[in-house]
Amino acid sequence: MEHVPATYQALQIDAIEEVLPLLQILDGMNVTYPYKEEIIPYLTALDETARAIGAVNVVHHGKGYNTDWIGFRDSLLPLLHGGDKRALLLGTGGVSKAVAYALKQMGIGYTLVSRNPNTNAIGYEDLTEAIIKQHTIIVNCTPLGMHPYEDKMPAIPYHLLTPEHLLYDCIYNPEMTRFLRMGQKQGCRVKNGLEMLHIQADRAWEIWSEL
């Protein structure tokens, strides 16, 4: 393997303003929850896809990119059945925006579900049996299931799930969240976000290497 004169490390910030000195000294970075939308005003430019999505997870020399959507798309494709025509997206943050963009590119319709429903999203209390049946793909784009919310899961009617459903959790640690375990009990196809993470990371490295 070729040696690369670079280091990659986790940097914790407590407020988005703390990213400013990092942008000045680092050639590139990944951006994770909860800053994928908040970082945009601090960047010098956005590539076309990141602008369309409205969220950034990769930065190179002050310019923002989004590779989450590629990771989601490429990890989801092998799992799809012919009947998978619509998806429920649980959450409306930066990850949800990337997932929505990927689904659009794949020709799959989606409905947003939010704790604060509005004209663009329905509430969890609106998830009827008919809606669950129509949407065979259900994607958790919330932090419920990851630290410090390991004992939490989105409030969907799990008893209505069937083996026709695919539950995809963008969380990868822990490997099996409560959301996925509940889907398994109902015979659903289940997938965590680890492959999504790996694929987006490969594309991020290409960006850092090419530009």
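The values are calculated or read from the model by the stated rules, or taken from the named source; none is laboratory data. Worth saying up front: this structure is predicted, and the values here are computed from it rather than measured. Note that each Cβ is placed from the backbone with ideal geometry, even for glycine, and that neighbours are counted across all protein chains shown.
The table for this structure:
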quantity: Single unsatisfied condition, Ala204 versus (1) buried (at least 22 other Cβ atoms within 10 Å of the Cβ); (2) assigned to a loop (DSSP other than H, G, I, E, B); (3) in contact with a His (Cβ under 9 Å, 6 or more places away or on another chain); (4) not basic (Lys, Arg); calculated: (2)
quantity: Residue check for Thr67: among the polar types (S, T, N, Q), at pLDDT 95 or above and in contact with a strand residue (DSSP E or B) (Cβ under 6 Å, 6 or more places away or on another chain); calculated: yes
quantity: Contacts under 7 angstrom Cβ, first residue in the stretch 21-33 being of a type in the set (D, E, K, R), partner exposed (fewer than 15 other Cβ atoms within 10 Å of the Cβ) and assigned to a loop (DSSP other than H, G, I, E, B), 6 or more apart; calculated: Asp27/His61
quantity: Residue that is out of contact with any Cys (no Cβ under 8 Å at 6 or more places or on another chain), at pLDDT below 95 and within 22 Å of Ile207 (Cα to Cα), where the choices are Leu43, Leu26; calculated: Leu26
quantity: Single residue of the stretch 116-164 satisfying the filter (surrounded by fewer than 19 Cβ atoms within 10 Å (Cβ to Cβ) and touching a Gly at 6+ places or on another chain (Cβ under 6 Å)) that is nearest to Ala87 (Cα to Cα); calculated: Pro163
quantity: Contacts under 7 angstrom Cβ, first residue in the stretch 75-98 being in contact (Cβ under 8 Å) with a residue 12 or more places away in the chain and farther than 14 Å from Ile137 by Cα, partner in a helix (DSSP H, G or I) and not small (Gly, Ala, Ser), 6 or more apart; calculated: Val95/Asp68; Lys97/Ile53; Ala98/Ile53; Ala98/Asp68; Ala98/Trp69; Ala98/Phe72
quantity: Test: residue in the stretch 172-182 that is hydroxyl-bearing (Ser, Thr, Tyr), surrounded by fewer than 23 Cβ atoms within 10 Å (Cβ to Cβ) and part of a strand (DSSP E or B); calculated: no
